[in-house]
1. Please work out if R158 is closer than 26 Å to P33 by Cβ and in contact (Cβ under 8 Å) with a residue 60 or more places away in the chain.
2. Can you tell me which residue is farthest from V151 (Cα to Cα) among those in the range 204-213 that are open to solvent by 40 Å² or more (accessible area, probe 1.4 Å) and of a type in the set (A, V, I, L, M, F, W, C)?
3. For residues that are assigned to a helix (DSSP H, G or I) and of a type in the set (G, A, S), tally how many sit in the range 70-86.
4. Looking only at the range 153-203, count every residue that is open to solvent by less than 30 Å² (accessible area, probe 1.4 Å), farther than 17 Å from E26 by Cα and part of a strand (DSSP E or B) and tell me the total.
5. Among the listed residues Y100, Y113, Y84, Y130, identify the single one that is open to solvent by 40 Å² or more (accessible area, probe 1.4 Å), among the hydroxyl-bearing types (S, T, Y) and more than 28 Å from G50 (Cα to Cα).
6. When the range 18-60 is examined, which residues are found to be exposed (fewer than 10 other Cβ atoms within 10 Å of the Cβ) and under 22 Å from F104 (Cβ atoms)?
7. Take I25 and decide whether it is closer than 25 Å to W156 by Cα, at pLDDT below 90 and of a type in the set (A, V, I, L, M, F, W, C).
8. Give K106, K97 a once-over and let me know the one that is assigned to a strand (DSSP E or B), under 24 Å from V171 (Cα atoms) and of a type outside the set (A, V, I, L, M, F, W, C).
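The values are calculated or read from the model by the stated rules, or taken from the named source; none is laboratory data. Quantities reported herein were computed from a predicted structural model and do not represent experimental measurements. So basically every Cβ, Gly included, is an ideal-geometry build from the backbone, and we count neighbours across all protein chains shown. These accessible areas exclude ligands, DNA and RNA; they are computed on the full protein's heavy atoms, side chains included. Shrake-Rupley method; radii C 1.70, N 1.55, O 1.52, S 1.80 Å.
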Amino acid sequence: CCFLPQTFAANNFATGKEKPKPIVIEKPAPDLPLGEKLLFEVSWMGVNVGFGEIEIREKMLVRGREAYHIVAAARTNDFLSKLYPVNDEIHSWIDAKTLYSLKFRKILSEGRYRADEETEFFPQEKRAAYHSNKNGTKKEFEISGPTHDIVSAFYWFRLQEAVVGKSARAVVSSEEKSWDVEIKVLGLQTKVIRGLGSLGTFYVEPKTSLKGV
């Protein structure tokens, strides 16, 4: 979720005559926290099928620019892996100042399907360079300028001062195309997260024709 400096009063699912407690969300930090790892359980029709994680692994230089190296992974559990194993890993190198993507790589292993592809973005030249590490294919395609990949968009939005009722807009590059993305901030909710307790959260809805929204 993202953060706001103000304190809001909103319905946090209180019952009866209880007075709802105000939802407090802090102002976003100016930088991403190195070493942070978020863990997710993945379920399908209420059944656990695997897990995911995303980590801000390090800061490094990419083409002379300081960048966050973020790694996301998704894997099926032991049971589903016997039927359809998934072991995917995605790398994103995000410009530390602009939060736009400099480089994106995905290493996919899904059943019998395998892929290892990377794309570098050159916003000033309005072009991107694609390379398949599996079969050696290389090609270039146009971009409109500074752009996000599917991971950098997540972290860019996280550092915005979101306002309920307003939207944040970005351009995301995926599958050699540019997609307009609108992230609507619909409201505030209190959510109970295991290990963290009750947290004030933004309720948001991304809108795009991008595959895998």
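1. Details: closer than 26 Å to P33 by Cβ: yes; in contact (Cβ under 8 Å) with a residue 60 or more places away in the chain: yes.
Here the answer is yes, as R158 does meet what is asked.
2. V204
3. Step one: filter the range 70-86 for residues assigned to a helix (DSSP H, G or I), giving 78-81.
Narrowing further to those that are of a type in the set (G, A, S): 81.
The qualifying residues number 1.
4. The total comes to 7.
5. Values: Y113 fails: more than 28 Å from G50 (Cα to Cα); Y84 fails: more than 28 Å from G50 (Cα to Cα); Y130 fails: open to solvent by 40 Å² or more (accessible area, probe 1.4 Å).
Only one candidate qualifies: Y100.
6. P33, G35 - these are the residues of the range 18-60 that are exposed (fewer than 10 other Cβ atoms within 10 Å of the Cβ) and under 22 Å from F104 (Cβ atoms).
7. Numbers: closer than 25 Å to W156 by Cα: yes; at pLDDT below 90: yes; of a type in the set (A, V, I, L, M, F, W, C): yes.
Yes.
8. Working: K97 fails: assigned to a strand (DSSP E or B).
Testing whether each residue is assigned to a strand (DSSP E or B), under 24 Å from V171 (Cα atoms) and of a type outside the set (A, V, I, L, M, F, W, C) leaves just K106.
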